[in-house]
Amino acid sequence: MNSIIKNDCIDIYEEYIKDLKKLSGKRILITGGSGFLLSYFVYLFLYFNEKNKRKIDVHILDQNTKKFDYLKNKQNFTLINSDITKKKKFTVNYNYIIHGASIASPVFYKKKPIETITSNVDGLLNILNNYKFSKSLKSMIFMSSSEIYGDPDKKNIPTKETYKGNVSCVGPRACYDESKRLGETISTIFYNKFKVPIKIVRPFNVYGPGQSLKDKRIFPDLMNNIKRNKDIILYSDGTPTRSFCYISDQIRGILEVLFRGKNGEPYNVGNTDEISIEGIAKLAVRLSKKSLKVKIKVNSDKTFNIDSPKRRCPDLKKIYRLNKWQPKIKLKTGLLRTINYYKTENL
Ligand SMILES: NC(=O)c1ccc[n+]([C@@H]2O[C@H](COP(=O)([O-])OP(=O)(O)OC[C@H]3O[C@@H](n4cnc5c(N)ncnc54)[C@H](O)[C@@H]3O)[C@@H](O)[C@H]2O)c1
């Protein structure tokens, strides 16, 4: 395991040890477990199992589990190479489930809108229909997104969970935004009707080690250029803002909601350090100590910026109320860890 990822996992482990011990001897399903975000849970549980006698039984479901081939014969790890939208029958009893299988990068979800919708809707229904009467399921997370807020007006920034959103149902981003919204509706219905202990997490722009350089979201593009000594090209005017959350904070937030969140309710998980796209690009270049330029270029794809939010920043009071949760990693610290990760990894 990469040392930066391992150190992040140790920090999370030490802070959340009491909660993580509740998973000892239990079985957890992570869908989308080979992806950027949820791989961190795999690393965290690998570390947990190294340190503890009573292990966590980890099942990783992804349509591409190649990344974890090395775990094939490892005790307490099961790889399920499967498309969640086609998996109608589950035969294993799970105690915990995190459903994150979805296309998540705008470039790819615009290319595969139907697959994006089905993973968030049919995939979620496949799981819930199998576990709606489960006696063993203790807690489940649906990975939604801050995108369900669309493009909020000024007075709704920072954005609270109660904000209903300003979302286009026909624009190029609708397949993602609306399927996450429907996923949230389905989650609340299954809680109200069947008492499935499901909670909703709304992540705000996560960054950090482990994201594929082919992902085509802002961070992998930035890191790719820095690694290869290429100037940074921005495909917007650089003014839209985002609030970037370092991955270990996101994982801490998901754990917080998994263990203490209220069933049937959504929680923002992110960081309030709002910065413009141009600002983050310039800061990353400065921290990398390379003399690269940040250039603005109009994207030939006319749909590229349609419905893209002008600002995004979470209100974090709701998750704070659970157990005083707040993000710990400052933007500069997280950026340095991320830059160092890409510098040292042979990608
Ligand atoms: N990373 C972020 O900033 C962010 C922000 C908001 C929401 N989210 C949500 O968190 C989850 C994880 O995001 P990520 O950044 O790790 O994305 P990712 O693209 O890195 O990982 C997603 C994983 O899901 C898998 N997958 C996609 N469709 C599938 C299907 N039909 N069946 C099985 N596996 C499938 C992919 O193979 C991939 O490994 C997603 O649901 C995403 O929408 C992420």
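Only the coordinates and a few stated rules stand behind these numbers; no lab work does. Please read these numbers as outputs of a predicted model, since none were measured by experiment. Methodologically, a virtual Cβ is constructed for each residue, glycine included, from the backbone with ideal geometry; neighbour enumeration extends over all protein chains shown.
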Subject >> Projected-area mean, region 32-129, by convex hull of Cα positions, square nanometres >> reply: 6.6
**OP:** List, in the order given, every pair from LYS110/LYS295; LYS262/LYS310; LYS66/LYS328; LYS111/LYS230 whose Cα-Cα distance in the structure shown is over 28 Å.
**Re:** LYS262/LYS310; LYS66/LYS328
**OP:** Diagonalise the Cα gyration tensor of the chain and give the resulting equivalent ellipsoid semi-axes, square root of 5 times each eigenvalue, largest first, whole Å.
**Re:** 30, 24, 19
Original post:
Angle between the Cα long axis of helix 122-131 and the longest principal axis of the chain, 0 to 90 degrees, nearest 10?
Top reply: 20
Original post:
Principal axis lengths of region 187-343 from Cα atoms, whole Å, largest first?
Top reply: 54, 34, 25
**OP:** Beta carbons within 10 angstrom, averaged per residue: use that to sort the peptides 101-109, 139-147, highest first.
**Re:** 139-147, 101-109
Original post:
Dimensions of region 245-306 along principal axes (Cα, Å, largest first)?
Top reply: 46, 34, 15
Subject >> Approximate shape of region 91-170 as ellipsoid semi-axes (Cα gyration tensor, √5λ), whole Å, largest first >> reply: 28, 18, 10
**OP:** Assuming 1.002 mPa s and 20 °C, estimate D for region 126-205 with Stokes-Einstein, Rh taken as the Kirkwood radius over Cα pairs, in µm²/s.
**Re:** 156
Subject >> Calculated on alpha-carbon atoms, Rg and Dmax of region 265-343 in Å >> reply: 16.2, 47
